[in-house]
Amino acid sequence: MSTTDRVLLLLDDPTGLASVGIRSVDPDSEHVSVLDLGVTRGDGIFEALDAINGVAQSLEPHLARMARSAALLDLPKPSLDVYRAAVASAITESTSSHLLVKLVMTRGIEGGTATTGWVYAEPVGDFTAARRDGLRVITLDRGYRHDVAHTSPWLLQGAKTLSYAVNKAAVREANRRDADDVIFLSSDGYVLEGPNSTVILQFGSHFVTPATDQGILAGTAQAAFFEFCDASGNSTEYRRVTPDELVAADSVWLASSVRQLVPVRELDGVPRGFDRAVSAAALEYLLGRRR
Ligand code: PLP
């Protein structure tokens, strides 16, 4: 990766109240204090999106989700205008036509009043094989009931926080079991989401995803997939999903920004099929979006 591919923009004030300044700095130098609560506690929020041929995909849904995450963490409101401007600058500054863009806001230095924020962009990796051939996925218990966001909001389920150590540990567990990725189940037996993805099931021309009132993220790639379904005359539904339905479905996909759409080709050690035509057409739609 060359240095002109990658762009790091520091925000003078992520809330935009004191300043709307955005500074381009060397991504290979250090910029964040070791006293920053984002570093010491994972106390902050982020978003990750694609920019393809100059277009930041699903930018507004990502910004809206960032604002929701900030509210769940009692963080000051991020200035969506400042982040929007920084994303636009990152896309303009980078020489790459397909970028992963990360938007970050932390609670700042302990005892201080200022938040810390930045936008970082780098070329995306190659997901061709996973998108075409699918992934081996295991189900793992997340240890929370499906209604945990309602009963225990302090657990921050449904917020996109910087604390992804658990999500990373789950993928390592999958790797130990000779699999690639994970679908989390609630402790009371419902399908939730992947550590970095939303689950989509196909039953003929009907497409289903777990309802977002279950302490999971509202996926932007899944929302775009449902747009594709609606446009092609299929029906869509948000509801509770059981693990048995993962087995019974014609196809299961993991949808997320950047990797976009990957089919599940093995579930808990059992090979399973997927609709290759729908998978390819939906992927083309997702990659071809102009917003
Ligand atoms: N669920 C979790 C826990 C995630 O981390 C992500 C994205 O990284 C998603 C779902 C999918 O969200 P999106 O499609 O907006 O990338």
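The values are calculated or read from the model by the stated rules, or taken from the named source; none is laboratory data. No experiment lies behind these values; they were computed from the predicted model shown. Cβ: placed from backbone, ideal geometry, glycine included. Neighbour counts: every protein chain shown. Protein only, heavy atoms only, side chains kept; ligands, DNA and RNA dropped before computing areas. Shrake-Rupley method; radii C 1.70, N 1.55, O 1.52, S 1.80 Å.
Remark: C-alpha extents of the stretch 7-123 on the principal axes read 41, 30, 24 Å, sorted largest to smallest. Here Arg41 and Asp188 are evaluated by their C-beta separation; at R0 = 25 Å the FRET efficiency comes out at 0.30. The solvent-accessible area of Leu156, taken with every protein chain present and a 1.4 Å probe, is close to 50 Å².
Across the alpha-carbon set of the chain, the Rg to Rh ratio works out to 0.97, Rh being the Kirkwood radius. Each residue was assigned an accessible area with a 1.4 Å probe, and for Asp180 the value is about 50 Å². Taking θ as phi - 60° and the Karplus parameters 6.51, -1.76 and 1.60, the scalar couplings of the stretch 259-266 work out to 6, 6, 9, 10, x, 8, 9, 8 Hz in sequence order, x denoting glycine and proline.
So, in Å, what gap is there between the alpha-carbon centers of the stretch 84-136 and the stretch 260-291? The stretch 84-136 and the stretch 260-291 have Cα centres spaced 23 Å from each other. Only helices enter the 222 nm calculation for the chain: every DSSP H run of n ≥ 4 contributes -39,500 (n - 2.57), and dividing by all residues gives -8500 deg cm²/dmol, rounded to 500. Couplings 3J(HN,Hα) for the stretch 111-128, derived from phi with the Karplus relation 6.51 cos²θ - 1.76 cosθ + 1.60 (θ = phi - 60°), are x, x, 10, 8, 7, 10, x, 7, 10, 10, 10, 8, x, 6, x, 9, 10, 3 Hz, where x marks Gly and Pro. In terms of its alpha-carbon gyration tensor, the stretch 58-193 comes out oblate; a/c meets the 1.5 threshold, while b/c is at least as large as a/b. Here the Karplus curve 6.51 cos²θ - 1.76 cosθ + 1.60, taken at θ = phi - 60°, turns the phi angles of the stretch 165-177 into couplings of 4, 5, 4, 5, 5, 5, 5, 5, 4, 4, 4, 4, 9 Hz, with x standing for Gly and Pro. If you average the C-alpha positions of the stretch 1-66 and of the stretch 209-257 separately, how far apart do those two centres end up, in angstrom? Between the Cα centres of the stretch 1-66 and the stretch 209-257 lies a distance of 29 Å.
Surface composition of the stretch 30-92: carbon plus sulfur atoms contribute 58% of the solvent-accessible area (1.4 Å probe, protein chains only, all chains present).
The alpha carbon radius of gyration of the stretch 1-59, expressed as a multiple of 2.2 N^0.38 Å, is 1.33. For the stretch 109-177, a simple Cβ point-charge model (Lys and Arg +1, Asp and Glu -1, everything else neutral) yields a dipole of about 320 debye relative to the Cα centre.
Annotation: Leu267 carries an accessible surface of approximately 20 Å², with a 1.4 Å probe and no ligand, DNA or RNA atoms counted. Taking 0.36 nm per residue of separation and subtracting the Cα-Cα distance, full extension of the segment from Asn53 to Val32 would add 4.6 nm.
Set the Förster radius R0 to 51 Å, insert the Cβ-Cβ distance between Asp147 and Val25 as r into 1/(1 + (r/R0)^6), and round the FRET efficiency to 0.05. Computed FRET efficiency for Asp147 and Val25: 0.75.
Just the accessible area per residue of the chain, please: how many Å² with a 1.4 Å probe? Averaged over the residues of the chain, the accessible area is 45 Å². Annotation for Ala231 and Lys77: the two label points, set 7 Å from Cα along the Cα-Cβ direction, are 3.2 nm apart.
Distant-in-sequence amide contacts of Leu140, defined by a placed amide H-H separation under 5 Å and a gap of 5 or more residues or a different chain, comprise Ile183, Phe184, Leu185. About the Cα centre of the stretch 214-274, how large is the charge dipole given +1 on each Lys and Arg Cβ and -1 on each Asp and Glu Cβ? Please answer in debye to the nearest 20. In debye, rounded to 20, the stretch 214-274 gives about 160.
Largest to smallest in accessible area, the residues Phe207, Phe46 fall in the order Phe46, Phe207 (1.4 Å probe, all protein chains included). For the stretch 150-272, what is the relative contact order in percent, using Cα pairs closer than 8 Å and at least 6 residues apart in sequence? Reported relative contact order: 23 percent. Please list, in order, the residues from the stretch 196-222 whose amide nitrogen is less than 12 Å from a point placed 7 Å along the Cα→Cβ vector of Leu155. The answer is 214-216.
Taking trypsin sites (Lys or Arg not before Pro) across the stretch 156-224, the ones in a DSSP loop with at most 14 further Cβ atoms lying within 10 angstrom of their Cβ are Arg177. With contacts taken as Cα pairs under 8 Å at a separation of at least 6 residues, the stretch 7-123 carries a relative contact order of 37 percent.
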